[in-house]
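What follows is a single structure, written as structure tokens, with notes after it.
The values are calculated or read from the model by the stated rules, or taken from the named source; none is laboratory data. Since we're looking at a predicted model, the values are computed, not measured.
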Amino acid sequence: MDVLAVLIPISLLLGAVGLVAFIWTLKTRQYDDPEGDAQRILRSDYDDYPKP
């Protein structure tokens, strides 16, 4: 039972860190255009090698 006294606060802390990280990604607008990225990768003029 002593292990639960340690594991429960640790799991709550890790969950809170994950939630804060997710909210931060929302506020920094990292999910703005997921559909556009998917369409750009499927284009026929997609080049595997970057221009020098």
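For the range 1-48, how many residues meet the condition of being modelled with pLDDT of 80 or more and of a type outside the set (Ser, Thr, Tyr)? Going through the range 1-48 one residue at a time, the tally reaches 28. Within the range 10-37, the residues that satisfy the criterion of being outside any loop (DSSP other than H, G, I, E, B) and charged (D, E, K, R) are Lys27, Glu35, Asp37.
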